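Some notes on the structure that comes next.
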2 protein chains.
Amino acid sequence: MEKVLIYDTTLRDGTQGEGISLSVEDKLKIALRLDQFGVHYIEGGWPGSNPKDMEFFQKAKELPLTTSKITAFGSTRRHGVTADQDENLQRLLESGVSTVTIFGKTWDFQVTHALNTTLEENLDMIFESVQFLKSHGLEVIFDAEHFFDGYKANPAYALKTLRKAEEGGADWIVLCDTNGGTLPHEIETIVVAVKQTLTTPIGVHCHNDSECAVANTLAAVRAGARQVQGTMNGYGERCGNANLVSVIPNLQVKLGYTCVKKEQLGSLTSLSRYIHEIANVVPPNNQPFVGMSAFAHKGGMHVSAVLKSPETYEHLAPERVGNTRRVLVSELSGQSNLLYKAQELNIDLDKSNPACKRIIQNIKEMEHEGYQYEGAEASFELLLREGLGEVIEAFTIEFFNILVEKTANWQIKTMAVVKVRVFDEVVLEAAEGNGPVNAFDNALRKALESFYPEIKHMHLSDYKVRVLDGGGATAAKVKVLIESSNGKDKWSTVGVSTNIIEASWQALSDSFRYFLLKQKGNMVECVKAEVK
Amino acid sequence: MEKVLIYDTTLRDGTQGEGISLSVEDKLKIALRLDQFGVHYIEGGWPGSNPKDMEFFQKAKELPLTTSKITAFGSTRRHGVTADQDENLQRLLESGVSTVTIFGKTWDFQVTHALNTTLEENLDMIFESVQFLKSHGLEVIFDAEHFFDGYKANPAYALKTLRKAEEGGADWIVLCDTNGGTLPHEIETIVVAVKQTLTTPIGVHCHNDSECAVANTLAAVRAGARQVQGTMNGYGERCGNANLVSVIPNLQVKLGYTCVKKEQLGSLTSLSRYIHEIANVVPPNNQPFVGMSAFAHKGGMHVSAVLKSPETYEHLAPERVGNTRRVLVSELSGQSNLLYKAQELNIDLDKSNPACKRIIQNIKEMEHEGYQYEGAEASFELLLREGLGEVIEAFTIEFFNILVEKTANWQIKTMAVVKVRVFDEVVLEAAEGNGPVNAFDNALRKALESFYPEIKHMHLSDYKVRVLDGGGATAAKVKVLIESSNGKDKWSTVGVSTNIIEASWQALSDSFRYFLLKQKGNMVECVKAEVK
């Protein structure tokens, strides 16, 4: 199995993405995970560009890395100075890494129009910069900026720049599709041409402006490239870089190359989500290989086929990349989805059980009202257990009253009063809040804590509102999704109404009920015991 | 220029995506826009699967379409019944469309394992179903499900299924990568092989499980396919379908095929955002071609190079797809953006005007708070005119009070009281509503109508809530976007607060103010005149 080396630039090119910002601490944490995952190179930053990056290189020396080499990024020397006088090259040496990556221009138009120098001087800049860094004992990767555009415009000159890097002693020559506009068939043809004129190993660096960055990277490898540069989750300037989270399983599982160990590939999903978490990006559900929906099956027919033989609707086994199969329950789905879900929840449900039909009917009616259970698995479990007679109301709200008031020159005041009954006992509580839903949440929590003190250990971790039918404007129906956590597990619940307070109340009370169910097992028993 | 036909299945396969749910009204709106954009086929749904889809086909007959054909989706007949007895085929006829698409199995393993029938019977099912639909005078598209997997497993049988569709008289044979696991080089080889054995025109239908759906679609076209199936924004089951928003400009601008007219391609960005809006999906900033960041340049070297010669860092001119170049962050770029916007609104603003700097500062602060003016141009115009001293408050709210109350066994009651001042006059009004925001809207409208009776002629046409920072749960900040209309024009306004009532109040009052401004011209004058 031939090896392809993974060069990760999440920490440098990835942070060029709009909205992506990583502290030095964040970068160190990510570097550690990338090392565990087994990438070969971690590009840490551009030490010549800002002090934060230099701080990273200082601290990265302490990281207990086992696989990855930390690399520093920079450019060829400026024109008009010698390599040993160039500040940027100096910073690369100071960063203390053993591998450096420098980019140089290969497109004649860029040399004369952006760099404002001569084609000849640019060749010298490349040669001398590589040679200078090699003379300091470093491994040198040459990133050929705009190479594919350059080759299309002036192949002779573009190839000449690469040969200069080779003469300077570069260990790798990496062909960059900087503007992301090249298509896979072009990449393949051009990489083949380059392979014929160089002996240095070739890498590739793609951007996603044509939505072909992954395919372009694969095309380059098939044509002979043996290093792939990209970022985790495809972060990066404009439309992002080649997404290594998709590139790696494609190379390894589908094309038979070796990138990381099999068990490391099995941690791909958790790596991807960890990095989203640190970068504060909501993981896209539909992200290939690792998304929540990547192996989710909705249609009834699909589901029964998948349960029999997964390969009927899965391009690979989700475990290989550490993801899991999910069966979604929706109006489009049938009995097999329901039975699968029940099994997942350890609920004994046979298709001959007459409750089945009733529950499916119930789901269909609720979905028609606007409820969606795909993202609200806890509400779904409650609905299922209720259908089987396993759950009763842990509490009922006898009365509530929410007041939002604004007087001239005063902040808005929000207060809620809630009266809750648990069997024969009743309690009335009031609370303030940031807004009507928050005040209601605070008051309800106060009231419930007197019956169920364990509610202190759970909190709401996310709150989403969606207007279902915008056409009704402020009279429209809204769907509220609430995610809750006890610090260990997370669960999601849903509510729907034209009144945002009512929708929130439904989702909140489902969340409390679900938590109590999990805490105490069978709800009917627990509530009776609690109250008596 | 050779033609490639666009087959859009946003309304059918797109709604299989997790979290994507479209009402019949939504689907009709989208169909109208797809027609304007110039797609050739609009797959409206699967009439045999649910009543909602059948309703769409009934109503779609009334749409004033000029380009697109509406198509209905279904499967080949079930085994064991004749085509004319098959309910699903019957529904296709009843849908009243002139083009139908039916899918059939082509992978031997699927026939025996998922369909539980014989390979021979499956061939009959394909032939008879196509023939039956053709005998009713319909254009028939045969979707060869799992074709690429089928071909890899048993090429002879897979090709035989296609020939059966051809013998039955299919107008198009579309090769589907149903599981999304095939890579571009495989697609190319297989399409070439198919072309050699068929005379019927070929199409392709790809899924994005390997993050190669766009590249796969392009590979198929290069190999001879002349119809591409996909969805707008790549919605669809699991990781989605081939994203037509990327496929179309790649085919047309880069590969030289003709899909839509040049001016239609120029509306690609607004089409993509419109569909995101209807589907209530946050448009990904990094979406190729149409994302907010797709042509965004960060400060420094890139920016000055791009301003000199855009092709240095842009793979195509953003105007070709209706997107715009953005220069991020710098004070300078802020000013040029502002001047550009002012010009668009016919506002006389010179860069020497000291208000410029103040307005930019104000925008920056508001955006930091979570306001976004891209989707709220009316609020932006008010902010700009206020900065120039052109607008004053048409009214102030002296006091409001909103009460939401629920008693046992009673519906929730919602009431609002609002006290509004216009110069020296004050009015107090109360109203009920479906929810707190609706009650507030009703009361405010009642109060304002006594000063500005023309408010009767405007109404709110859309209301959207988005939680800005989910982590704070019910205490999180929300952004409210309101769209209003006077039956002719539409305008959008924004409000941000932790309190949904306050955020709604901001957006509502901006909407009323904007309407009055447009009705009466200069606000300062009009309000004074009104009151005196």
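Here, each number is a calculation from the coordinates, and none is a lab measurement. The model shown is predicted, which means the values in this text are computed figures rather than measured ones. A quick note on method: Cβ atoms are made from the backbone with ideal geometry, for glycine too, and the neighbour counts reach across all protein chains shown.
Hey, how much of the P(r) for the stretch A:296-387 falls beyond 21 Å, as a percent of Cα pairs? Please list the in-between numbers first.
Values: 1248 of 4186 pairs.
Roughly 30 percent, rounded to a whole number.
Each residue of the stretch B:354-362 in order: what ³J(HN,Hα) in whole Hz does its phi give by Karplus 6.51 cos²θ - 1.76 cosθ + 1.60, θ = phi - 60°, with x for Gly and Pro?
With the stated coefficients, the stretch B:354-362 comes to x, 4, 3, 4, 5, 5, 4, 4, 4 Hz.
How far apart are the residue B:3 label points across copies, placing each 7 Å from Cα toward Cβ, in nm, shortest first?
5.5
Report the net charge of residues surrounding residue B:455, where surrounding means a beta-carbon distance below 9 angstrom and charges are Lys +1, Arg +1, Asp -1, Glu -1.
Summing Lys/Arg as +1 and Asp/Glu as -1 gives 0.
Report, ordered by chain and residue number, the lysines lying within cross-link reach of residue A:298, taken as a straight Cα distance under 23 Å and ignoring same-chain residues fewer than 8 apart.
Counting by Cα, and skipping residues close in sequence, residue A:298 has these lysines nearby: A:308, A:341, A:351, A:357, A:364, A:464, A:479, A:490, B:27, B:52, B:105.
What does DSSP give for the protein assembly as shown in terms of the percent of beta bridges that are antiparallel, rounded to the nearest 5?
Working: 77 of 153 bridges.
Bridges in the protein assembly as shown are about 50 percent antiparallel.
Would you kindly work out, in nm and rounded to one decimal, the distances from the label point of residue A:155 to those of the same position in each other copy, ordered shortest first, with label points 7 Å along Cα-to-Cβ?
For residue A:155, the other copies' label points sit at 3.0 nm, shortest first.
Where Lys and Arg each count +1 and Asp and Glu each count -1, what net charge lies around residue B:489 among other residues with Cβ under 12 Å from its Cβ?
Values: positive: B:488, B:490, B:518; negative: B:377, B:483.
Net of charged neighbours comes to +1.
I'd like the projected area of the stretch B:211-319, averaged over all directions, using the convex hull of its alpha carbons. Report it in nm² with one decimal.
One quarter of the hull surface, i.e. the mean projection, equals 7.9 nm².
Over all alpha-carbon pairs of chain B, lay out the pair-distance distribution in 20 Å bins, whole %, shortest bin first.
Bin by bin from 0 Å, the calculated values are 19, 43, 29, 9, 0.
Restricting to chain A, compute how many DSSP beta bridges are antiparallel as a %, nearest 5.
Numbers: 34 of 72 bridges.
Bridges in chain A are about 45 percent antiparallel.
Two decimals, Cα atoms only, Kirkwood Rh: what is Rg/Rh over the stretch A:5-260? Spell out each step's value before the answer.
Working: Rg = 16.9 Å, Rh = 18.0 Å.
For the stretch A:5-260, the value is 0.94.
Just tell me how shielded A:13-19 is by partners: mean number of partner chain Cβ atoms within 10 Å of each residue's Cβ, no decimals. Before the final figure, lay out each step's value.
On the way: counts 0, 0, 0, 2, 5, 9, 4.
Across A:13-19, the average partner-chain Cβ count within 10 Å equals 3.
Through the Karplus equation 6.51 cos²θ - 1.76 cosθ + 1.60, θ set to phi - 60°, convert the phi angles of the stretch B:194-207 into ³J(HN,Hα) values in whole Hz; use x for Gly and Pro.
Those phi angles translate into 5, 3, 6, 10, 10, 10, 5, x, 10, x, 9, 9, 10, 10 Hz.
Quick one: what does P(r) look like for the stretch A:81-158 with 5 Å bins over all Cα pairs, in whole %?
Final binned percentages: 3, 16, 25, 23, 16, 12, 6, 0.
Counting only other chains, what is the mean number of Cβ atoms within 10 angstrom of the Cβ of each residue in peptide B:430-440?
Working: counts 0, 0, 0, 4, 10, 13, 9, 9, 8, 3, 2.
Across the residues of B:430-440, the mean count of other-chain Cβ atoms within 10 Å is 5.
Note down, for the stretch B:158-206, the three equivalent ellipsoid semi-axes (square root of 5 times each alpha carbon gyration tensor eigenvalue), biggest first, whole angstrom. Could the numbers behind the result be given before it?
Values: eigenvalues 75, 26, 16 Å².
After scaling each eigenvalue by five and taking roots: 19, 11, 9 Å.
Sort shortest first the distances from residue B:367 to its counterpart in every other copy, using label points 7 Å along the Cα-to-beta-carbon line, and give them in nm.
4.1
Work out the mean other chain Cβ neighbour count within 10 Å for the residues of A:243-249 and drop it here as an integer.
Numbers: counts 1, 0, 1, 6, 2, 0, 2.
What the average comes to for A:243-249 is 2.
When you take every Cα atom in the stretch B:13-143, what is the radius of gyration, and what is Dmax, the widest Cα pair distance, in Å?
Gyration radius and largest Cα-Cα distance of the stretch B:13-143: 15.6, 45 Å.
Which value in Å is the Kirkwood Rh of the stretch A:338-418 over different Cα pairs?
Working: mean 1/r = 0.0635 Å⁻¹.
One decimal place: 15.8 Å for the Kirkwood radius.
What net charge do the residues around residue B:411 carry, taking every other residue with its C-beta under 13 Å from that of residue B:411, with Lys and Arg at +1 and Asp and Glu at -1?
Working: positive: B:406, B:413; negative: A:502, B:405, B:432.
In short, -1.
Would you calculate, for chain A, the mean residue ellipticity at 222 nm contributed by helices, counting each DSSP H stretch of 4 or more residues as -39,500 (n - 2.57) and dividing by all residues, to the nearest 500? Working shown, then result.
On the way: 19 runs with 211 residues, N = 532.
Helices in chain A give a 222 nm mean residue ellipticity of -12000 deg cm²/dmol.
For the protein assembly as shown, just the Cα set please: Rg and Dmax, both in angstrom.
30.6, 91
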